[in-house]
Amino acid sequence: MSFFRFLPKPLRRRASRFRPKSFPDHHAYAAFFDVRARLFAGDDMMILEYPDRATQELLFRRAVEKFDLTDKKIIDLGCGLGYLKKYLDEHAPGYRSYLGVDLSEEMVKGAQERFGRSEKAAFVRRDILAEPFGENEFDVGFLISVLGYRVGADPEGYMKRLLREFFRINRVGIAFTHLAPGRRRDPTDFTYPPEELASWCRKELSEKVVLDDWGGVSYVVAVYKQ
């Protein structure tokens, strides 16, 4: 049991804000969340770096509403502790199947403990860049609260490589979130201008792109194949 559990919540919240300015690769990024899961056990939003559940659900809603998920195969990349599955069960229960994928062993274990496994849904540990899925293997992909970290020597290159691969494996499209520049004071943030990222998606992935930037710290980009 972590001694952080015995600290007053304001001190725990302050400690939870620590993170490296960058990660050497995506495996180190996953290891960071393995550590967070152990240190801040008992407070899921602190582990996942959301200020509260309402903020998490706002991002879920704005991403999920971009697609009709009826009878769709869904992949949730960087699924964390699995809360998107809970949201889908409550707000879009007509989906065909859900696969939560994360590179963090502790995140996958935590998601399985919280939300279990069924014929319709599962959580797995997998690196989709090293173990790719088939083209159009899923219908809709979500990548939520994953891209706001500097990963590798070329964070932008890593992000775009990941988005290309994620788009390739989804038949209908993907929705992802990112952090907008200048909207909070955190020197560890990896940010990207919303219009620039949407423009890159139109040029490199598909002409059909929807940018949902409501002025918050994060924004949503949805990219469609059809």
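Below are the figures for this structure:
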item: Criterion: over 27 Å from Pro193 (Cα atoms), under 18 Å from the mean Cα position of the chain (by Cα) and without any contact (Cβ under 8 Å) to a residue 12 or more places away in the chain - qualifying residue of Asp52, Asp89; result: Asp89
item: Test result for Ser118, over 16 Å from Cys201 (Cα atoms) and at pLDDT below 95; result: yes
item: Checklist (1) part of a helix (DSSP H, G or I); (2) open to solvent by less than 50 Å² (accessible area, probe 1.4 Å); (3) acidic (Asp, Glu) applied to Asp189, failing item; result: (1)
item: Qualifying residue in the stretch 162-170 (condition: touching a Gly at 6+ places or on another chain (Cβ under 9 Å), of a type in the set (A, V, I, L, M, F, W, C) and outside any loop (DSSP other than H, G, I, E, B)); result: yes
item: Residue in the stretch 204-213 that is part of a loop (DSSP other than H, G, I, E, B), open to solvent by 20 Å² or more (accessible area, probe 1.4 Å), touching a helix residue (DSSP H, G or I) at 6+ places or on another chain (Cβ under 7 Å) and farther than 19 Å from Gly78 by Cβ present; result: yes
item: Residues of the stretch 147-178 satisfying the condition of being open to solvent by less than 20 Å² (accessible area, probe 1.4 Å) and aliphatic (A, V, I, L, M); result: Leu147, Val151, Met159, Leu162, Leu163, Ile169, Ile174, Ala175
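The values are calculated or read from the model by the stated rules, or taken from the named source; none is laboratory data. Note that the coordinates shown come from a computational prediction; the quantities given were computed from them, not determined experimentally. Glycine also receives a Cβ, built like all others from the backbone with ideal geometry; neighbour counts cover every protein chain displayed. Ligands, DNA and RNA are stripped out before the accessible areas are found, and what is left, the full protein with its side chains, is counted by its heavy atoms. Shrake-Rupley method; radii C 1.70, N 1.55, O 1.52, S 1.80 Å.
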